[in-house]
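Visitor: Pasting a structure here, questions to come.
The values are calculated or read from the model by the stated rules, or taken from the named source; none is laboratory data. In this text, all values refer to a predicted model and were calculated from it rather than measured experimentally. So basically every Cβ, Gly included, is an ideal-geometry build from the backbone, and we count neighbours across all protein chains shown. SASA here: full protein model, heavy atoms, side chains in, ligands and nucleic acids out. Shrake-Rupley method; radii C 1.70, N 1.55, O 1.52, S 1.80 Å.
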Amino acid sequence: MTHDHDLVLRPTEAQISAALNPPPGRNGGDLVVETLAALGATTVFGLPGQHALGVFDALRRSDLRYIGLRVENNAGFAADAYGRITGEAAPLLLSTGPGALTSLAALQEAASASAPVLAISSQIPTAGLGGGRHGYLHELPDQSASFRGVVKSVHTVRAQSQIASAIEAAWKSALTAPHGPVWVEIPQDVLLAETSIPVVTGGDAFPEELPPRPELTAVAADLLSRAARPAIIAGGGVVRSDASGKLRQLAQTLQAPVVTTPGGKGAFPWTHPLSLQSWIEDRHTTDFLEDADVLLVVGSGLGELSSNYHTFRPRGRVIQIEADLGKLESNHPALGIHADARLALQALLETVSPREDAEAPERVRAVLAKVSDRIAAQELTLEQDVLASVRRALPADSPSFWDMTILAYWAWSAFDAKGPNLLHSAQGAGGLGYGFPAALGAAVADPSRPVLAVSGDGGALYSIAELATARQYDLNVTWLIVDDGGYGILREYMTDAFGQATGTELSRPDYVALAESFGVPGVRTTPGNLADDLSKALNSPGPSVVVLPAVLRMFAPTHQ
């Protein structure tokens, strides 16, 4: 008796001949790039280093496109954005020790945001593995230990015969829900040694699916169908799993209002009658969600930002759909469904009963009116005008990447992303320097549309070197730098808490002149001219910088 899973495709005569007669002059690095190409990769990011030269030499013999950045952490951010935009695992090539460790903050962001990044690092020679102190350049007692608490999986290669299998396993891990970064390390001698292993021509690039348990979706569908006041919180998992269409269908079937988290921006239409938009960091929204008798949380762990800084106290029944097992019921008791958001929403669509609730849109309008009145009372016209100018200038289908800066915090709540997978920020891990290098990665992924990066002057200094990358590859990215002379949000936090700020003020360069020194056009603008200047820059091919000197303020929090 033959089972389907026992069937193996027979190689063709041409494949057999190629396997028996591999071309000369190949090394372990060739096995790396051949495996990536066989899995479907077309582009890699990274920086060369002494131990990784075998891989970089092999790139020369491959069809893979290499995008080299100037700092490993920025290369990680670029790969993160490439993965978010394409949904593919983005290869990130790194060297041993300092080069590898410099990528950690970017990999933490990728893990927090479920961005599929395939980091491949070199290692010290095989003889040095095992924890001894041999004195190799870049040596760490256990390099992989530095990454185990950050990435989804770690794969250490010790022989050339392991390269293809390890990279394939890591690729599938990165793309299995929840998406995330993975780590592969290969010793220098394994990469440099000549190989007689056949050219890698195939691989299983299909990740495992994560369907919901049917008995759980049956209970969830019954609860939602009988609810009097259902509501939905949509997180980043909806965007990552491309489930926005199914979310909209379900919300309309149930007549359930929807609010999106910062990571879920664009998962639900901003102007839909059931849209609470993304004012999740607002007490009026929190009150509304607490009053729901059944609350469906999709693709969110209800962390700090998504729970209005842990002040959210649901009184009704919570249903949580989450692909990351560690986030399931980690903050609130719930009917926990460990599943990919798209598959779980499809299961609910097939089993829920439609609800009629003519008053739901009016309840949504009432909440949004209260939010609007609260913001209007704080005299924050400058901030609202600046955000509106960015929205007017940015084409509706263009992605934007926001650093940890005051304007980004406004955008989390008040910016209409115009669709899923268009607004991205570093809100997952919260590190500085994300916006510009991430935008470069997005421009590599899709050069047909302009990309916007938004940074403060503090965050801009983290990634200023990547102006050289933008120019070298002529990437279509406009970088808006809001220059307030320091770490603006920390200045505000410290002044509110202690009466004065310490360590927040920055001496900074002339960003326009600095951009022009890289061959990148720059312009200094004003709030009144921002929309026009930003629009011109976005509509001009290649990189550009727009500098806005302005001190912006945050709206008052409601969680204190």
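Visitor: From Cα pairs below 8 angstrom and at least 6 apart in sequence, can you work out the relative contact order of the chain, rounded to a whole percent?
Guide: So the answer I get is 13 percent.
Visitor: Compute the angle between helix 104-113 and the longest alpha-carbon principal axis of the chain, please, reported from 0 to 90 degrees and rounded to the nearest 10.
Guide: On a 0 to 90 degree scale, this one is about 50.
Visitor: Mind pulling the angle between the C-alpha long axis of helix 435-445 and the longest principal axis of the chain? Nearest 10 degrees, somewhere in 0 to 90.
Guide: Roughly 60 degrees between the two axes.
Visitor: What number comes out for the charge environment of Gly431, summing +1 per Lys or Arg and -1 per Asp or Glu over other residues with Cβ under 14 Å away? Don't skip to the answer; put the middle values down first.
Guide: Working: positive: none; negative: Glu72, Asp80, Glu109, Asp403.
Net of charged neighbours comes to -4.
Visitor: Using Stokes-Einstein with the Kirkwood hydrodynamic radius over Cα pairs, what translational diffusion coefficient do you get for the range 440-560 at 25 °C and a viscosity of 0.890 mPa s, in µm²/s rounded to a whole number?
Guide: 159 µm²/s
Visitor: Looking at the chain, how many pairs of lysines come closer than 30 Å at the Cα, when each pair is eight or more places apart or spans two chains?
Guide: Close lysine pairs under the 30 Å cut-off: 18.
Visitor: Roll a 1.4 Å probe over the protein chains and send me the accessible area per residue for the range 301-342 in Å². Walk me through the numbers before you get to the answer.
Guide: Numbers: 1840 Å² over 42 residues.
In whole numbers, the range 301-342 has 44 Å² accessible per residue.
Visitor: About the Cα centre of the chain, how large is the charge dipole given +1 on each Lys and Arg Cβ and -1 on each Asp and Glu Cβ? Please answer in debye to the nearest 20.
Guide: 220 debye
Visitor: In Å², what does the accessible area per residue of the range 512-551 work out to with a 1.4 Å probe?
Guide: Result: 45 Å² of accessible area for each residue.
Visitor: Taking the Cβ-Cβ separation of Arg365 and Gln249 as r and a Förster radius of 35 Å, what is the calculated FRET efficiency to the nearest 0.05?
Guide: Working from the Cβ atoms, E equals 0.95.
Visitor: Could you state the number of Å between the C-alpha centres of the range 307-321 and the range 442-472?
Guide: 36 Å
Visitor: Mind pulling up the Rg/Rh value for the range 8-164? Radius of gyration and Kirkwood radius, both on Cα.
Guide: Details: Rg = 16.3 Å, Rh = 16.6 Å.
Expressed as Rg/Rh, it is 0.99.
Visitor: In debye to the nearest 20, how big a dipole does the range 202-344 give about its Cα centre with +1 on each Lys and Arg Cβ and -1 on each Asp and Glu Cβ?
Guide: That gives a dipole near 380 debye.
Visitor: Sticking with this structure for a sec: Considering amide H positions built from the backbone, and no H for Pro or chain starts, which residues 5 or more places from Gly266, or on another chain, come under 5 Å of its amide H?
Guide: Amide H neighbours of Gly266: Ala417.
Visitor: Charges on Cβ only, +1 for Lys and Arg, -1 for Asp and Glu, centred on the Cα centroid of the range 68-203; of Ala81, Ala145, Ser112, which one is farthest towards the dipole's positive end?
Guide: Of the listed residues, the answer is Ser112.
Visitor: With θ taken as phi - 60° and the coefficients 6.51, -1.76 and 1.60, list the Karplus ³J(HN,Hα) couplings across the range 472-480 in order, rounded to whole Hz; mark glycine and proline as x.
Guide: Ordered by residue, 3J(HN,Hα) equals 4, 9, 6, 7, 8, 10, 9, 10, 8 Hz.
Visitor: For the pair Arg213 and Ala396, what calculated FRET efficiency results from E = 1/(1 + (r/R0)^6), where r is the Cβ-Cβ distance and R0 = 45 Å, to the nearest 0.05?
Guide: Computed FRET efficiency for Ala396 and Arg213 comes out at 0.70.
Visitor: While we're on this one: Normalised by the number of residues in the range 485-550, what is the relative contact order in percent for Cα pairs under 8 Å and 6+ residues apart?
Guide: Once normalised by length, the contact order is 27 percent.
Visitor: For Asn74, what charge total do you get from the other residues with a beta carbon under 14 Å from its beta carbon, if Lys and Arg give +1 and Asp and Glu give -1? Provide the component values of the computation, followed by the final result.
Guide: On the way: positive: Arg70; negative: Glu72, Asp80, Glu109, Asp403, Glu466.
With Lys, Arg at +1 and Asp, Glu at -1, the net is -4.
Visitor: Let me ask you something else. Please work out the ratio of the alpha-carbon Rg of the range 23-86 to 2.2 N^0.38 Å and round it to two decimals. Display every interim value, and only then the final one.
Guide: Values: Rg = 12.2 Å, N = 64, 2.2 N^0.38 = 10.7 Å.
Here the answer is 1.14, to two decimals.
Visitor: In a Debye calculation with equal point scatterers on the alpha-carbon sites of the range 466-511 and no solvent, what is log10 I(q)/I(0) at q = 0.17, 0.23, 0.26 Å⁻¹?
Guide: Result of the Debye calculation: -0.64, -0.82, -0.91.
Visitor: Which log10 I(q)/I(0) values, to two decimals, does the chain give at q = 0.06, 0.07, 0.08, 0.11 Å⁻¹ under the Debye formula with one point per Cα?
Guide: -0.32, -0.44, -0.57, -1.03
Visitor: Quick one, can you get me the convex hull of the C-alpha atoms of the range 146-189 expressed as volume per residue in Å³?
Guide: In the range 146-189, the Cα hull volume divided by residue count equals 57 Å³.
Visitor: Please list Asp403, Asp142, Asp533 from largest to smallest accessible area, probe radius 1.4 Å, with all protein chains kept in place.
Guide: Values: Asp403 0, Asp142 70, Asp533 30 Å².
Order by accessible area, largest first: Asp142, Asp533, Asp403.
Visitor: So how long is each side of the range 381-486 along the principal axes, counting just the alpha-carbon atoms, biggest first, in Å?
Guide: 39, 31, 24
Visitor: Let me ask another. Please report, in debye to the nearest 20, how large the charge dipole of the range 117-210 is about its Cα centre when each Lys and Arg carries +1 at its beta carbon and each Asp and Glu carries -1 there.
Guide: I would put it at about 220 debye.
Visitor: With both partners inside the range 470-560, how many of the DSSP beta bridges are antiparallel, as a percent to the nearest 5? The partial results should precede the final answer.
Guide: Working: 1 of 10 bridges.
DSSP beta bridges in the range 470-560 are roughly 10 percent antiparallel.
Visitor: Of all DSSP beta bridges located in the chain, what percent are antiparallel, nearest 5?
Guide: 5 percent
Visitor: Kirkwood Rh over Cα pairs of the range 92-215 into Stokes-Einstein at 4 °C, 1.567 mPa s: D in µm²/s?
Guide: D, rounded to a whole number, is 84 µm²/s.
Visitor: Here is a follow-up. Can you work out the FRET efficiency for the pair Thr351 and Glu329, with r the C-beta to C-beta distance and R0 = 25 Å, to the nearest 0.05?
Guide: Efficiency for this residue pair is about 0.70.
Visitor: Moving on. ³J(HN,Hα) across the range 245-259 via Karplus (A = 6.51, B = -1.76, C = 1.60, θ = phi - 60°), whole Hz, x for Gly/Pro?
Guide: Karplus-based 3J(HN,Hα) across the range 245-259 equals x, 5, 4, 4, 4, 5, 4, 5, 5, 8, 6, 9, x, 10, 10 Hz.
Visitor: For the range 110-124 and the range 210-228, what is the centre-to-centre distance using only Cα atoms, to the nearest Å?
Guide: So the separation of the two Cα centres works out to 35 Å.
Visitor: Which stretch or stretches of the range 95-139 have amide N atoms under 16 Å from the point lying 7 Å from Ile197's Cα along the Cα→Cβ direction?
Guide: Zone members listed by number: 120-123, 126.
Visitor: Using the alpha-carbon centroid of each, what span in Å lies between the range 146-165 and the range 526-560?
Guide: Answer, in whole Å: 42.
Visitor: Ordered by residue, what ³J(HN,Hα) values in Hz, to whole numbers, does the range 546-558 give under the Karplus form 6.51 cos²θ - 1.76 cosθ + 1.60, where θ = phi - 60° and Gly and Pro are x?
Guide: Those phi angles translate into 10, 10, 10, x, 6, 9, 9, 10, 7, 5, 5, x, 10 Hz.
Visitor: If you roll a 1.4 Å probe over the chain with all protein chains in place, what percent of the accessible area is carbon or sulfur?
Guide: Details: 11650 of 22370 Å².
Of the solvent-accessible surface of the chain, carbon and sulfur hold 52 percent.
Visitor: Also, quick follow-up: If one computes P(r) from the Cα atoms of the range 171-239, what percent of pairs lie at distances over 17 Å?
Guide: 72 percent
Visitor: Moving on to the next point. What's the angle, to the nearest 10 degrees (0 to 90), between helix 488-498's Cα axis and the longest principal axis of the chain?
Guide: 60 degrees
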